[in-house]
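Here's the structure we're looking at; comments come further down.
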Amino acid sequence: MKYFTMSQKEVERLEIIKRSLRKELTVEGAAKIMGLSERQTYYLRKKVKKKDAGGLIHGNRGREGNNKIPKEKKERMVKIIREKYSDFWPSHAKEKLEDHGIYLSCEAVRKIMIEKDIWKPKKRKASEYRSKRPPKEHFGEMAILDGSYHDWFEGRDKTEKKCCLILFLDDATSIPLFGMFAKNENLKDLYQCSKGYFLHLGKPKIIYSDGLRVYHNNLMEKESEERLTQFKTSMEELNIELIRAHSPEAKGKIETIFRTLQNRLVKEMRLRGISDKETANKYLFEEFFPWFSKRYGKAPAKKGNFHRELSKKEKDSLPVILSERHTRVVHNDFCIYYKTKLFQLLKDQPATVRKKERVIVEERMDSTIWIRLRERYLNYKEITTKERGAISEKNVPWILPAIQKKKTPWKPTADHPWRGYSVSEYQTSPRV
């Protein structure tokens with residue numbers, strides 16, 4: 001006697017087919033009950049007549065699949081992953097296994113890694129409803145700008161543990177436009193990355209950034225010309241619109257890219273032994289970004305490049321436009337105070353300089369200081385700490401503030417009327 005393992009659905013179908021064979025149900029009625037066509041019902045009736053209950057059991061049940069991965073191949077794959085790619089994601093591990101002559105689908109590698117407890121899938125958290133913003137239709141129409149702090153070199157860089165990857169991402173194609181590793185997301189490094197991007201591809205129509213103070217003024221509800229940030233002022237001079245994202249989800253595209261880079265880029269640099277920012281920036285531009293664009297990029301909805309090439313005037317003025325600029329007042333001794341530094345204006349100048357006049361101090365990307373008055377650059381020298389120590393308090397009161405004497409509490413004299421009363425007498429004295 002043969003035994004079969006049947007599901008509840010197969011048991012119900014067997015009963016309906018037998019009722020049909022006993023002519024308790026028509027073929028049409030049996031087909032409607034089972035949700036099958038009449039042709040399938042006739043086929044099942046024939047198999048049940050021939051094999052009874054075994055006719056409803058698939059012939060391959062209990063057998064190994066023809067496409068099953070051989071045990072030796074599976075063990076070799078697991079050994080390679082454990083030795084070299086234990087922290088790789090399945091899609092990344094699948095690509096690296098091809099270098100060892102093992103060709104499997106990403107889903108097969110994922111299942112094996114989960115089965116062997118090499119990789120654990122992350123559970124997605126339920127979030128509030130958000131409508132998806134449609135991407136721009138043209139390449140270069142909008143560039144998403146953001147920075148990601150991470151241990152990119154896994155401790156190989158002895159100077160600093162974490163650094164920031166500043167990235168420009170095209171919204172229409174999800175292609176990295178330009179990026180560089182920097183100490184942090186400060187104004188000078190943002191200018192340096194922007195300069196490389198503009199000279200390489202041109203100016204985008206829109207730059208989409210988050211709400212950091214370096215991009216947008218968070219202290220006022222509506223920005224005025226006097227309250228624009230340095231970065232936004234520079235972008236307006238280049239005729240680039242700067243838009244603010246009010247939540248991380250609003251710029252989720254670049255956040256997803258950063259999550260992928262923190263997985264793939266870190267491991268690729270580990271395999272190549274890259275441990276400093278200069279070598280990493282060269283690798284990004286020459287190898288990784290071209291490969292990443294080919295692997296993950298997509299075609300824009302409409303043809304056309306919205307990038308605008310910098311004019312000759314803009315290229316010549318780029319060091320000035322991409323510089324930190326502040327207004328300072330010329331003091332009575334023709335000195336200018338800027339960021340704890342003191343600059344003495346020289347006697348010979350290309351323009352007439354008067355006391356109390358306002359000048360613009362430019363701190364450029366190479367950390368040089370330029371002082372401008374009516375579109376002319378003034379001659380100056382920096383006063384060192386030793387020279388500053390010789391300056392008296394009288395002629396430079398704004399540098400060495402007067403030392404205020406500490407005020408002592410006032411005490412009444414011995415014959416003061418207050419001293420003639422005691423606390424008890426004051427409490428018991430009649431009040432008028």
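Remarks
- The condition (being among the aromatic types (Phe, Trp, Tyr), exposed (fewer than 15 other Cβ atoms within 10 Å of the Cβ) and within 30 Å of Leu271 (Cβ to Cβ)) is satisfied by just one residue among Tyr43, Tyr85, Tyr103: Tyr103.
- Pairs meeting the criteria (first residue in segment 284-309 and within 21 Å of Cys193 (Cβ to Cβ), second residue surrounded by 11 or more Cβ atoms within 10 Å (Cβ to Cβ) and of a type in the set (Asp, Glu), beta carbons under 6 Å, at least 6 apart or on different chains) are Phe306/Glu141.
- Checked across segment 319-334, the condition of being free of Cβ contacts under 8 Å to residues at least 12 places away in the same chain and closer than 18 Å to Phe178 by Cβ holds for no residue.
- One residue from Leu271, Leu261 being closer than 16 Å to His92 by Cα, at pLDDT 90 or above, exposed (fewer than 12 other Cβ atoms within 10 Å of the Cβ) and of a type outside the set (Asp, Glu): Leu271
- Residues in segment 193-214 that are in contact (Cβ under 8 Å) with a residue 60 or more places away in the chain and part of a loop (DSSP other than H, G, I, E, B): Leu201, Gly202, Pro204, Lys205, Asp210.
- Within this structure, Leu97 fails the test of being more than 30 Å from the chain's Cα centre (by Cα) and either at pLDDT below 90 or assigned to a helix (DSSP H, G or I) (or both).
So that you can scan it fast, the table gives a plain yes or no per residue for (1) charged (D, E, K, R); (2) buried (at least 20 other Cβ atoms within 10 Å of the Cβ); (3) outside the structural domain of Thr279 (by TED's automatic domain parsing); (4) farther than 15 Å from Leu238 by Cβ:
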residue	(1), (2), (3), (4)
Asp146	yes, yes, no, yes
Trp152	no, yes, no, yes
Ile166	no, yes, no, yes
Asp170	yes, yes, no, yes
Leu177	no, yes, no, yes
Tyr191	no, yes, no, no
Leu199	no, no, no, no
Pro204	no, yes, no, no
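- Residues being among the polar types (S, T, N, Q) and surrounded by 12 or more Cβ atoms within 10 Å (Cβ to Cβ) - total across segment 329-378: 2
The values are calculated or read from the model by the stated rules, or taken from the named source; none is laboratory data. Please read all numbers here as calculations on a predicted model, not as lab measurements. Ideal geometry is used to build each Cβ from the backbone, glycine not excepted, and the neighbour counts take in all protein chains shown.
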